[in-house]
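S.K.: Once you've had a glance at the structure underneath, I'll fire off some questions.
The values are calculated or read from the model by the stated rules, or taken from the named source; none is laboratory data. What you see is a predicted model, and the numbers here were worked out from it, not measured in a lab. Cβ placement follows ideal geometry from the backbone for every residue including glycine, while neighbour counts extend to all protein chains displayed.
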Amino acid sequence: MITPQELERYQTDGFLVLDSFAQEHECDALRERAEQLVQEFEPAEVVSIFTTHEQSRIADDYFMTSGDKIRFFFEENAFLQDGTLKQKKERSINKIGHALHDLDPVFDRFSRSEKVKQLADAIGFAHSHLVQSMYIFKQPNIGGEVSCHQDSTFIYTEPTDIVGLWFALEDATVENGCLWAIPGGHKCGLKSRWFRNGSGGMEFETFDAEPWPEEELIPLEVKKGSLILLHGLLPHRSLENKSPRSRHAYTLHLISANVKYSADNWLQRSASMPLRGF
């Protein structure tokens, strides 16, 4: 599943590409299920727009209470000035989050498959909780930019012990918004964390104000079925998708079962639905 050389490369670079991790039919099953969920979603009552450019966030209950639900978030550029969608709903959703892995049987089965368990074991996450999942569409022509960030900024634990699993459900290229990462950037420590400020909003606590050396970012172009492991402290980003091709991906985040999960993280769950592992 993963060789000692690959594990060493992950520890050195902060990321690792595993080609052909998911079979084509598995990728297609997740895509088909996501399409079904979008078809069933009725956006008339609630519209929540996903962006990574906000330095603070006014309380958005739909977003803030999505840690134990399946909810839908639109692209920033999906709307006309009058508030109507520029194109069909299916081409306007940015992502679905954040508990697909617990609430949907198709995503649960994939997320807790034997090969994912074996991989988690190989990288030291045998005893872990599946804390968050997202289906990301990166829509053609309007797929939004995700600015350079560390996952541990948003999923803060003490000590830091988190890994992201990024599954390419379509080919990811520079043209359609693949991931970019700074090799070895995870060794520089946590730059900031995003937390609930107690006043109904979110804000950043900055530990290191030095800008990211974005000239060191390299593209991680991968084929459909590939898995990219991402260390929680790895700086990474993706650019806008201005191409006519989508870039669907499924992401899953694991945290060690032994860490302290911060009570002021944005992502929280009700007591009736605690985090669980494999």
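S.K.: Identify the residue in the range 15-45 that is farther than 20 Å from LYS223 by Cα and not acidic (Asp, Glu) and, among all such residues, is farthest from the chain's Cα centre (by Cα).
M.R.: The extreme case among them is ALA44.
S.K.: Does the range 228-251 include one or more residues that are in contact with a Phe, Trp or Tyr (Cβ under 7 Å, 6 or more places away or on another chain), farther than 20 Å from PHE63 by Cβ and of a type in the set (Lys, Arg)?
M.R.: The answer is yes, given that some residue of the range 228-251 is in contact with a Phe, Trp or Tyr (Cβ under 7 Å, 6 or more places away or on another chain), farther than 20 Å from PHE63 by Cβ and of a type in the set (Lys, Arg).
S.K.: Moving on to the next point. Being surrounded by fewer than 18 Cβ atoms within 10 Å (Cβ to Cβ) and of a type in the set (Lys, Arg) is the requirement here; does LYS117 meet it?
M.R.: So LYS117 fits the description; yes.
S.K.: Please go through the range 240-274 and pick out each residue that is under 22 Å from ARG31 (Cβ atoms) and hydrophobic (A, V, I, L, M, F, W, C).
M.R.: ALA249, LEU252
S.K.: Quickly run through the range 225-257 and pick out the residues that are surrounded by fewer than 17 Cβ atoms within 10 Å (Cβ to Cβ) and closer than 29 Å to ARG276 by Cα.
M.R.: ALA257
S.K.: Filter the range 262-278 for residues that are in contact with a Phe, Trp or Tyr (Cβ under 8 Å, 6 or more places away or on another chain) and either outside any loop (DSSP other than H, G, I, E, B) or surrounded by 15 or more Cβ atoms within 10 Å (Cβ to Cβ) (or both) and give the result.
M.R.: Residues satisfying the conditions are SER262, ASN265, TRP266, LEU267, LEU275.
S.K.: Only one residue in PHE137, PHE72 is under 16 Å from ARG33 (Cα atoms), crowded, with 21+ Cβ neighbours inside 10 Å and in contact with a Pro (Cβ under 9 Å, 6 or more places away or on another chain), so which one is that?
M.R.: PHE72
S.K.: Can you pull out the strands (runs of 3 or more DSSP E) entirely within the range 167-238 that have at least 1 residues that are in contact with a strand residue (DSSP E or B) (Cβ under 9 Å, 6 or more places away or on another chain), of a type outside the set (D, E, K, R) and over 30 Å from ALA22 (Cα atoms)?
M.R.: 192-196, 201-206
S.K.: Return a yes/no flag: does the range 69-79 have any residue that is more than 21 Å from LYS242 (Cα to Cα), aromatic (Phe, Trp, Tyr), part of a loop (DSSP other than H, G, I, E, B) and modelled with pLDDT under 95.
M.R.: No, that holds for no residue.
S.K.: Just checking, does the range 184-200 include any residue being crowded, with 21+ Cβ neighbours inside 10 Å, in contact with a Leu (Cβ under 9 Å, 6 or more places away or on another chain) and closer than 21 Å to ARG9 by Cβ?
M.R.: Looking for residues that are crowded, with 21+ Cβ neighbours inside 10 Å, in contact with a Leu (Cβ under 9 Å, 6 or more places away or on another chain) and closer than 21 Å to ARG9 by Cβ, one finds at least one in the range 184-200, hence yes.
S.K.: Within the range 152-166, track down each residue that is assigned to a helix (DSSP H, G or I) and surrounded by fewer than 21 Cβ atoms within 10 Å (Cβ to Cβ).
M.R.: Selection gives THR153, PHE154.
S.K.: Do we find that THR206 is out of contact with any His (no Cβ under 9 Å at 6 or more places or on another chain) and either surrounded by 21 or more Cβ atoms within 10 Å (Cβ to Cβ) or under 19 Å from HIS98 (Cα atoms) (or both) in this structure?
M.R.: no
S.K.: List pairs: first in the range 254-278 and free of Cβ contacts under 8 Å to residues at least 24 places away in the same chain, second outside any loop (DSSP other than H, G, I, E, B) and surrounded by 18 or more Cβ atoms within 10 Å (Cβ to Cβ), Cβ under 9 Å, 6+ apart or cross-chain?
M.R.: ALA263/ARG196; PRO274/HIS129
S.K.: While we're here: Looking at the structure I just gave you, is PHE195 at pLDDT below 95, within 21 Å of LEU254 (Cα to Cα) and hydrophobic (A, V, I, L, M, F, W, C)?
M.R.: yes
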